[in-house]
Every structure is written in structure tokens, then in C-alpha cells.
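Read through the structure below, which is laid out as C-alpha cells, and then see the notes.
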């Protein structure tokens, strides 16, 4: 019943707005639009408790939400912390030697993804210069990265 009454009200209001627009009465036209926007068309504060009974009183609704979130958050925290502990003990730790240096194609794709129109870093090299450097520059950058990678190992 509330929904049908609301639809009727909206329909009548839209009709008024259309008539004001057709009559070329901008003041009434915009006032009606402003009036619609200011209407509180939100949902009524309704909630169900643990027994699936409907609650309409705001203080009871707030207490229900508080109870709901405290049970959800407390149970999730216990579950997450236990999962985290087991993950740490079961995860095998990788050494740095297992990680391979980046391939030439990886370096090329990273260079391709560099953003244009950015300022250069401390070396004052702008990204466009690296992107337009061609195959030779990409090969030399890959070689430099590989040398640094091996020295750090």
C-alpha cells in the first residue's frame, strides 16, 4: 500500500513538473524538482532479530546491528588468526636463489607500461626516452638488470 501511494505521489509530482515546463514557468519547475530532491525517500528503519521477528524501534535496531557485527567480527578474528598461525608454520620459506632474474620479455613489457608525460627521476631520464629507445636500449637495460641481480645474489 505504501509503495502504491508513493508511486501515485511521484506520478502526480512529475505531472506538475511537466506542466510547469510546458507552460514555461521555470520558477515552479525548478522548485518542484528541488522539492523532490529534498524528500527523504530512503527506506524505513526495519530489521529482523535473531528469531526473524521484525524490529521497527531504532534503539532495538541499533542494538541488533551491534550484536550482529560483534558476533561476525569476533568469530572472523579468531578464524583469521588461527589460519594465519597455521599458514606461517606450513609455508616453506624460499631462498633468494630460487627467484630467477627477469626475462627480456618481462623487461620489455615493463618498459612498454611506463607512463608518458612524467618527470624524470634523480637521473633526469624521462620515460618517453626509454620507451622510444628501441631494441638496443631495452637489451642494455635487461643486461644491466641481470648484472645487478647477480651481484646482489
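Within region 101-131, restricting attention to residues that are surrounded by 10 or more Cβ atoms within 10 Å (Cβ to Cβ) and assigned to a loop (DSSP other than H, G, I, E, B), the residue that is modelled with the lowest pLDDT is 120.
Here residue 12 does not fit the description of being at pLDDT below 85 and over 30 Å from residue 151 (Cβ atoms). Restricting region 15-45 to residues that are outside any helix (DSSP H, G or I) and modelled with pLDDT of 80 or more, the residue that is nearest to residue 61 (Cα to Cα) is 25.
The values are calculated or read from the model by the stated rules, or taken from the named source; none is laboratory data. What you are looking at is a predicted structure, and each value in this text was computed from that prediction instead of being measured. So basically every Cβ, Gly included, is an ideal-geometry build from the backbone, and we count neighbours across all protein chains shown.
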